[in-house]
Amino acid sequence: MKFNLNRYLLGLSMAIDCVESELLGVTSNHGGRVALISMRMARALGLSEAEVFDIAAFAVLHDNGLAEENLTRDDATRNRLSQVEDMPVHCEIGERNVSLFPFQSPARQVILYHHEHWDGSGFFGLQGESIPLMAQIVGLADYSDLKLRFGENRLGKREQTLDFLDARRGSHFSPELVEAFREISTPTAFWLDLRNAFLDNALRRTMPDLEMETDWQGILEISRVFSRIIDSKSRFTHSHSSGLEDKTARMAAFLGADPETILQLRIAAALHDVGKLAMPNAILDKPGPLDNTERAKMMEHTYYTRKCLELIPGLETITEWASNHHEKLNGEGYPLRLGAERLDTWSRLLTVLDIYQALTEERPYRASLPHARTLEILRELVKGNAVDADLVHAVDQAFQPIFR
Ligand SMILES: [Fe+2]
Ligand SMILES: [Fe+2]
Ligand SMILES: [Fe+2]
Ligand SMILES: [Fe+2]
């Protein structure tokens, strides 16, 4: 089957973007702006189309390692930017997380080295040409957007930016890259393209169209890049998406699903909580039950999951299964309050298994629950007509011998 990797990347970039907005206080769409600038610079510097595609992927994913909860656990009153962006570990985690992404060129270590400086004063002390070119480009786009906020509509932005880059020519940035930026930023349209209202359109026009030949297994493997990023956001959910994927595959096989459906369900499970990337760690890691405001915020996450996945052609059915995991048969779930007649078997299964998975995981305010106690809770939910009785029974039959 043909699959459009660009749309997939742009869809999920929305979720990654939320992490940076939360932690760094940058205006939203930072990842998209870094991607747009990086692609234009890459073309000006004569890189191939495969490399232009890859640099967009690296740019969208450049700070995925910031989601790692270890970076944010202590003293929330300290400046969060210096706390997390100043730690080389976010480059190492970020590089590791994307190792399975199907890059089109041999370029690597772009995320690892996105904080290097031309004069060797960066995290890992690489100097000059020894810094991978794509890492230099992404680094320049990232740092200047962070400092100068290209999404904001202000007069004199071009002059201000060129002064900023000139002051760092030869120290922070290579002279050649500063010249490349000067060249691409001359047209008025460059600055308009970076505004929120036009960015998405500009990205679609600029990104090389990458339809790749793949199968559901291939899409699952790319999806695991994202489920890793999602799971690493909080210590308490470090194996939530991967655990749900495993249980979903087991139950689908138990219920007689064909191999293709099982793969699609795995993808839905891997991506079901992608919207959690938009939830603050202060809520995800709160050492106690959530208050009403926090719960309301938390309930937004499946809406975000739907908004991200809806942007990806070919994933329509998977989008339903993934985004419906908090809907209830009695119509009291969220975010759409769908009700029994709108929820198919696989949506219902994901709901049951998401609850099962969550209850058997440790939370800040309680220990993990054993199988028997988890089933008691699920049976209570059946009584309230929240979840599917037959599926809860099947889960008990299938899992009772395996999970205790
Ligand atoms: Fe960074
Ligand atoms: Fe960044
Ligand atoms: Fe969820
Ligand atoms: Fe979940």
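A few notes on this one:
- Amide H contacts of R363 (H built 1.01 Å from N, under 5 Å, at least 5 apart or other chain): S368
- In sequence order, calculated HN-Hα J values of segment 218-231 (Karplus, 6.51, -1.76, 1.60; Hz; x Gly/Pro): x, 5, 4, 5, 5, 5, 5, 4, 7, 5, 5, 5, 4, 5
- Kirkwood radius and radius of gyration were both taken over the C-alpha atoms of the chain, and their ratio Rg/Rh is 1.00.
- Rounded to the nearest Hz, the phi-derived 3J(HN,Hα) couplings of segment 320-329 under the Karplus curve 6.51 cos²θ - 1.76 cosθ + 1.60 (θ = phi - 60°) are 4, 4, 5, 8, 8, 6, 10, 7, 10, 4, where x marks glycine and proline.
- Amide H partners (placed H, <5 Å) of G120, local residues excluded: G128
- Carbon and sulfur %, accessible surface of segment 2-211 computed with the full protein complex present, 1.4 Å: 50
- Folded to 0 to 90 degrees: helix 157-166 orientation relative to the chain principal axis, Cα: 70
- Taking amide H positions as modeled 1.01 Å from N, with prolines and chain starts lacking one, no residue 5 or more places away or on another chain lies under 5 Å from H115.
- Carbon plus sulfur fraction of accessible area for segment 283-351, probe 1.4 Å, in percent: 52
- The chain: angle of helix 371-383 to the longest principal axis, Cα-based, in degrees nearest 10: 80
- Among Y365, Y113, the sequence by solvent-accessible area, most first, with a 1.4 Å probe is Y365, Y113.
- Stretch gain in nm, segment R404-V89, where the contour uses 0.36 nm per residue and the Cα spacing is subtracted: 109.8 nm
- Evaluating 6.51 cos²θ - 1.76 cosθ + 1.60 at θ = phi - 60° for every residue in segment 270-281, the Karplus couplings come out as 4, 9, 4, 9, 4, x, 5, 4, 8, 8, x, 4 Hz, glycine and proline recorded as x.
- Relative to the longest principal axis of the Cα atoms of the chain, the long axis of helix 30-44 lies at roughly 40 degrees.
- As a rough guide to protection, the peptides 30-39, 154-163, 304-313 ranked by mean Cβ packing within 10 Å, highest first, stand as 30-39, 304-313, 154-163.
- Pairs exceeding 23 Å between alpha-carbon atoms, taken from K307/K328; K2/K233; K233/K297; K297/K383; K147/K307; K307/K383: K2/K233; K297/K383; K147/K307; K307/K383.
- Probe 1.4 Å, accessible area per residue of the chain, Å²: 41
- Label-to-label distance, nm, for residues given as E221 and L162 (7 Å Cα→Cβ offset): 4.6
The values are calculated or read from the model by the stated rules, or taken from the named source; none is laboratory data. Not measured: the values here are computed from a predicted model. Glycine also receives a Cβ, built like all others from the backbone with ideal geometry; neighbour counts cover every protein chain displayed. Note: areas computed on protein heavy atoms with side chains; ligands, DNA, RNA excluded. Shrake-Rupley method; radii C 1.70, N 1.55, O 1.52, S 1.80 Å.
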